[in-house]
Amino acid sequence: MAATMRDVAALAGVSLKTVSRVVNSEPHIRPETVARVREAIARLGWVPNGAARALRTGRTGVIGIAVAGLRRPYLAALVEALVTETDRRGLQAAVEPSHGDPARIRSVLDGRGVSYDGVVLIGDDGAGLPLDGALTDRPVVVVQGDEGDADLVVDDVASAMGMVTRHLAVLGRRRPLLLGGDRGADRGPRTPGTLAEPGAVTRAALAAAGFEAAVPVIRPDGEWDRAWGATAAVEALAAHPQTDALICVNDEVALGALSALAARGVDVPGRVALFGYDNLDDGWFTTPSLTTVDPGPARLARAALDLLGERIARTAPAAPRRVVLPVELVRRESTMGSPR
């Protein structure tokens, strides 16, 4: 026989009303009580009746997650973290890949209050679209995107660049090159195939670590992917032979660069140190293994759902909030050698 809400309440040692409040993400419940109820739900495999809840509370119990696509490993990992966190809170997640189509994103946003209680929007796909109600009855939280009229959760890019540049200085590297452009707050219009100046965050990190600000930045004309990283790394070293470190915009670019350099006999890290960003599992299994920045998808997911839950419960402040979360530099073999 399927478990009921009464079974959950009995196992958790709480009232039916408390189970209902936890399932509906209501505020002012002790964290230990929430944990006990969620553990009971997981043990019993109880699934709340979404239709009944919608009639009773006016909520669907479903969170929409809008993402450009799932082919990119990091985006897939972030979506998985959001789905896991949504499930942990007794809610359901509906993942909607937009493939960069504004009409698809608009459709997800229009589903707020009908299909979804709120939406988590990953990246910049929704930039320029109206987010009416994002701070009230039709909440939207943006993860790793641009600031706007919605709550925002981002990783601490300034801290990440500070860690990378300090690590470079300790290694004795003096001529880094940014492959793919700057991360996060430094993102700007891409200028295909040309050099650019580092953004403000990166310039500050370079200056603090004792580097000159005039560091080359090479931006792609398409995706920040492995194929581009492989081609761009070879071209970058041909154009800038004194380069002794490549700071890549993400792990995919770094993995492509590492493959191409290895195929041409370029010693990593002896000749060129290599940094990624995203902490993909693939980075553990390359030769050498890849030094990278871990933005913490699970932390980003928890923060996003916390903000969204407060909006849904109408306990959040009127102004948009910006949450900046810590990152970790994962040191591996691609930066361990001394320059030659």
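The values are calculated or read from the model by the stated rules, or taken from the named source; none is laboratory data. None of the values given here were measured: they were computed from a predicted structure. For neighbour counting, all protein chains shown are included, and Cβ atoms are generated from backbone atoms with ideal geometry for every residue, glycine included. For the accessible areas, the whole protein counts, side chains as well, though only heavy atoms, and no ligand, DNA or RNA atoms are used. Shrake-Rupley method; radii C 1.70, N 1.55, O 1.52, S 1.80 Å.
Across segment 100-111, rounded Karplus estimates of 3J(HN,Hα) from the backbone phi angles (6.51 cos²θ - 1.76 cosθ + 1.60, θ = phi - 60°) give x, 8, x, 5, 5, 5, 4, 5, 5, 5, 5, x Hz, Gly and Pro being marked x.
When every Cα-Cα distance of segment 23-150 is counted in 10 angstrom steps from zero, the calculated P(r) takes the values 12, 41, 33, 13, 1 percent. Carbon-plus-sulfur accessible fraction, segment 122-274 (probe radius 1.4 Å, protein heavy atoms only): 52%.
The alpha-carbon atoms of segment 194-243 define a convex hull whose volume equals 92 cubic angstrom per residue. Residue-wise HN-Hα couplings along segment 159-172, as the Karplus relation 6.51 cos²θ - 1.76 cosθ + 1.60 with θ = phi - 60° gives them from phi, are 5, 4, 5, x, 4, 5, 5, 5, 5, 4, 4, 4, 6, x Hz; Gly and Pro carry x.
In the chain, helical runs assigned H by DSSP with n ≥ 4 each contribute -39500 (n - 2.57); averaged across all residues and rounded to the nearest 500, the mean residue ellipticity at 222 nm is -12000 deg cm²/dmol. Could you tell me which label, among (1) -0.45, -1.06; (2) -0.49, -1.17; (3) -0.55, -1.05, carries the value of log10 I(q)/I(0) by the Debye sum over Cα atoms at q = 0.09, 0.14 Å⁻¹ calculated for this structure? Computing log10 I(q)/I(0) by the Debye sum over Cα atoms at q = 0.09, 0.14 Å⁻¹ and matching it to (1) -0.45, -1.06; (2) -0.49, -1.17; (3) -0.55, -1.05 gives (3). Dipole check for the chain: with +1 at the C-beta of Lys and Arg, -1 at the C-beta of Asp and Glu, and the Cα centre as origin, the magnitude is about 820 Debye. Using a probe of 1.4 Å, the accessible surface attributed to residue 247 totals some 10 Å² when neighbouring protein chains are kept in position. Only Cα pairs under 8 Å and 6+ residues apart enter the sum, and on that basis the relative contact order of the chain stands at 17 percent. Taking 0.36 nm per residue of sequence separation and removing the Cα-Cα distance, the residue 318/residue 99 pair yields an extension gain of 75.7 nm. Comparing 62, 265, 291 along the charge dipole axis of the chain, the residue lying farthest to the positive side is 62, per the Cβ-charge model. 3J(HN,Hα) along segment 289-299: 5, 9, 5, 8, 9, 9, x, x, x, 5, 5 Hz, from the Karplus curve 6.51 cos²θ - 1.76 cosθ + 1.60 with θ = phi - 60°, whole Hz, x for Gly and Pro. Taking amide H positions as modeled 1.01 Å from N, with prolines and chain starts lacking one, the residues under 5 Å from residue 274 and 5 or more places away or on another chain are 246, 335.
For labels at residue 336 and residue 30 in the simple 7 Å Cα→Cβ model, what's the distance in nm? Distance between label points: 4.8 nm. Which of rounded, prolate, oblate describes segment 246-303, given a ≥ b ≥ c as roots of the alpha-carbon gyration tensor eigenvalues and a/c under 1.5 marking rounded, otherwise prolate only if a/b is larger than b/c? Verdict is prolate for segment 246-303.
For the chain, the per residue solvent-accessible surface stands at 46 Å², with DNA, RNA and ligands left out and a 1.4 Å probe. Here each label is just a point 7 Å from Cα along the line to Cβ, and for residue 170 and residue 5 those points are 5.4 nm apart.
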